[in-house]
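Asker: Would you mind keeping the following structure in view while I ask a few things?
The values are calculated or read from the model by the stated rules, or taken from the named source; none is laboratory data. Small disclaimer: the values here were computed from a predicted structure and weren't measured. Virtual Cβ from ideal backbone geometry, glycine too; neighbours counted across all protein chains shown. The area values use the complete protein model at the heavy-atom level, side chains included, leaving out ligands, DNA and RNA. Shrake-Rupley method; radii C 1.70, N 1.55, O 1.52, S 1.80 Å.
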Amino acid sequence: MNTEHLPHNEATSFNDAKAYRDLAAGSEPSEIQAESAIIQLSQEIEELWSNGEENDDLEAMGLLRRLRQQGAPAAHILLEELRHDKLAPRNGAIMINVCATSANIPELADYMSSQPKLRPELQNTLARLGDDRVLPYLQTWLTQSESYEANNPRSVFQRSEALGKALFIAVAIQQRAADESSRQRWEAPIQTWLQEYAVVESRHPDPVDLLDDLKTRTHPDVLALAYTEDMFDNSHGGTDPDFGRSSRNRFKEAPKPPVNEAERTETLRNLITLIERPLKSLPNERVERLLTIAAYQERNPSPYAVTLGFEIEVERQSLISPEPNADGLSPEERAERAYQRQANYRRSEQMGVPAGQDAEWEFAPEAAYHYLTPVRETQALIYADLINSAYEHNPLHATLAGITTEGPAGDQAGVLLRGIEATGWCCSAERIEQPTRNPANSWLCKGKRGIKERSAEELQLGASAGAELRTLEIKNLPGFDRTARSLYALGSALSAYQELAAHSERAADRHKQELADIWRDYSEQEEQLFAAYGLASPSTGSWFAGAIRDAEGNIIQERLGVDFLKFADLLRDAESGGSRGQKFQAAAQDNVLYARRRAMAVLDATRPKPCLLYTSDAADD
């Protein structure tokens, strides 16, 4: 029994003190004593879970990590407890999933074949660790499960569920198989079960589409990440304080804390220190120059500029290898890598980059007065390999404080977003069409037309109103830089335009009027461009084909209309080299660059004081 990691200061966790002392000292205790210690540990975890308190959940996760260190012997003991109904099925399955290794596969497969239903946690264990030894047990289990009766809804559901679980395990093992003979051994059963599933399942899924979906869900890296969730963000509600996400309420967005400009610059310094590559390629004086400019930009903003905040979601797909066996790692090694990755993300939070609550991880830096601050932070996160630069579809949300979707010129926020999308710098056809593939979890779930209005308590830096643009994505660093710079400049022009539209009785100063005129010219150019390509005005809501509403008539979720689908087709044509799409995209970029250059000149001219190290942002890319 592997006991070298058990610390002395946790002896009180065991009733059998001698067994604990033996474990802690590294000597091998008697089998009965070791078994007693593991059972006592499992009982303590169950008791902590049953309390439902956050501190108890955190303590339980510490004990779970100790179980993980004991590995296969602990899994064997817990499985015996489960066989004899001495552990609650769900709790026992979670604990076994945490500490099992490939050595436990025969007994886990044998246990599975004797059960009428298979718990999801044990399903994941067999999928993550299983091999060819599982196949006969899986076939036996399916044979024993309730047969399919077309006119019996209960029978249909149970057979569909059993086939789905069997396919999940089988496809996972086949993907991870090291040799062709092993992969072929699974091919016939998988095809047989796929065909039966397509008949039984009421939606009649296409077997090819179903297999593609299963391969994504059972990729070894995905299963490794799911395993770490039992350790860090387990379903009992706790969050590991050292490695898991910060303990925020996932279902209610907390008010934004105030931002200190000095702290904002310090976050950037911390991130640069975090990574070795920039420090090796940038001499110290260059780093200090960069930080000096960042501090100047944050402390001396133009009074006409919007403030910006970005949220970058790290999708699970960006963390998996292109091929399941490309790196040759064992299931245990993959789990260890996923474990370390979680720790690295947590470290970025300690460096000053708050974590959001979406996707596998969400970077949610504090709001900034200048676009270059979040660009530099994102560059550091990419260099630190916390954002996969080879993956082009990590969702990006941009919040601009100072613009709105409401009031007499609220519809102009749609022009800003559609215009930025059309450049292709941080958007794609795939991103636009996301709601057609996953309507329940897409950019359409919040807000209207891809924009969510933000109130004062949700914003920072003293802003009273703002809008979150939700349809963007991180494709590459240059594209993000162009997008951030354009949102900063055009957002400021839009803010001036909306303020004058809302207060037409007031006399505008020269700079505000100039920015409003820049926006008016830009908006007219975008209207003409979209009309020339057969698209509706970017300022209207006709891009959506109705909405799903609740009993009171409130919009729950909008549906994409024909113009959005035509828009996506233009982006796809540009991405594939089509001349029509590329001409549309080039014209959209030209419109943005021209307006941006004009707006940047106004913002640069209205800074409170100059910085000798700083060069103008008004230049083109």
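Asker: What are the residues whose amide H is under 5 Å from the amide H of LYS446, where those residues sit 5 or more places off or on another chain and H is modelled from the backbone?
Answerer: Long-range HN contacts for LYS446: none found.
Asker: Applying the Karplus parametrisation 6.51 cos²θ - 1.76 cosθ + 1.60 with θ = phi - 60° to the phi angles of region 171-178, what ³J(HN,Hα) value in whole Hz is obtained for each residue in order, glycine and proline being reported as x?
Answerer: Couplings: 5, 4, 5, 4, 4, 8, 4, 7 Hz.
Asker: Under a crude label model (7 Å from the Cα following the beta-carbon direction), how far is SER102 from ARG289 in nanometres?
Answerer: 5.3 nm
Asker: Relative to the present Cα-Cα distance, how much length would full extension add between ARG572 and GLN340 at 0.36 nm per residue of separation?
Answerer: Full extension of this stretch gives 79.8 nm more.
Asker: Could you give me the ³J(HN,Hα) list for region 122-133, computed from phi with Karplus coefficients 6.51, -1.76, 1.60 and θ = phi - 60°, whole Hz, x at Gly and Pro?
Answerer: For region 122-133, the Karplus-derived couplings read 6, 4, 5, 4, 5, 5, 6, 10, x, 8, 4, 5 Hz, x marking Gly and Pro.
Asker: Let me ask another. Long-range amide H contacts for GLY466: which residues qualify at under 5 Å (H placed 1.01 Å from N, peptide plane, sequence gap of 5 or more or a different chain)?
Answerer: GLY402, ARG454
Asker: Note down the magnitude of the dipole of region 113-191 about its Cα centre, charges +1 on Lys and Arg C-beta and -1 on Asp and Glu C-beta and zero elsewhere, to the nearest 20 debye.
Answerer: 200 debye
Asker: For the peptides 371-378, 62-69, what is the packing order when you average, over each peptide's residues, the other Cβ atoms within 10 Å and list the highest mean first?
Answerer: 371-378, 62-69
Asker: Let me ask something else. Take MET351, MET61 and sort them by solvent-accessible surface of the protein heavy atoms, 1.4 Å probe, largest at the top.
Answerer: Ranked list, largest accessible area first: MET351, MET61.
Asker: OK, next. At 7 Å along the Cα-to-beta-carbon direction for both ARG510 and SER330, put a label point, then send me their distance in nm to one decimal.
Answerer: The modelled label-to-label distance comes out at 7.4 nm.
Asker: Right, here's the next one. Under 8 Å for C-alpha pairs, at least 6 residues apart: give me the relative contact order for region 401-523, rounded to a whole percent.
Answerer: 32 percent
Asker: Check CYS427: other-chain or 5+ apart residues with amide H under 5 Å from its amide H, H built from backbone geometry?
Answerer: GLU473
Asker: While we're looking at this one, here's another question. Could you check the simple spin-label distance between SER455 and ASP213, using points 7 Å along Cα→Cβ, in nm with one decimal?
Answerer: 3.8 nm
Asker: Magnitude of the Cβ-charge dipole of region 356-443, K/R +1 and D/E -1, about the Cα centre, nearest 20 debye?
Answerer: It works out to roughly 180 debye.
Asker: Given a 1.4 Å probe and the protein chains all in place, what does the accessible area of HIS503 round to, in Å² to the nearest 10?
Answerer: The accessible area of HIS503 comes to roughly 60 Å².
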